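The values are calculated or read from the model by the stated rules, or taken from the named source; none is laboratory data. Bear in mind the structure is a predicted one, so any value in this text is a computation, not a measurement. Please note: Cβ atoms are built from the backbone with ideal geometry, for glycine as well, and neighbour counts cover all protein chains shown. Please note that ligands, DNA and RNA were not included when accessible areas were found on the heavy atoms of the full protein model with its side chains. Shrake-Rupley method; radii C 1.70, N 1.55, O 1.52, S 1.80 Å.
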Amino acid sequence: MMKDALIGAALDARAKAYAPYSRFHVGAALRCDGVIYSGCNVENAAYPQGSCAEAGAISAMVLAGGRQIDEIVIVGGGDAACTPCGGCRQRLREFSSSTVKVTMVDPQGVILLETTLGALLPWSFGPENLV
């Protein structure tokens, strides 16, 4: 099942996160044209210079030539859903529509929240607004 593969890839990515300051490890995995791309958060001593897991997964997709996110899974720590930050919501919007499914799971892979990008970022501004 594709959802299980996405969850597994997000969990694997989280295990490789570099978060020595916050100790909050995040992994993300997205699907584009049937291929899974993953990323993890990478912190930096100069805090604003770190990068989010979603940004890493998007970069991997773009590097491989992908341009359209079909679905994404995000895993953080604890019992609360690790929803994308505001910047990552906009990053996701650049490469997807408001109907794209966004799933948040716990560190064991249990689904905590399933929603759409449109619900996370209503009335969004995207590439088509510049045409």
Those residues that are charged (D, E, K, R) and in contact with a strand residue (DSSP E or B) (Cβ under 7 Å, 6 or more places away or on another chain), I need them from segment 53-81; list them, please. E54, D70, E71
Do we have any residue at all in segment 99-109 that's modelled with pLDDT of 95 or more, at positive phi and under 15 Å from the mean Cα position of the chain (by Cα)? yes
Residues in segment 110-120 that are open to solvent by less than 40 Å² (accessible area, probe 1.4 Å) and not in a strand (DSSP E or B) total 3
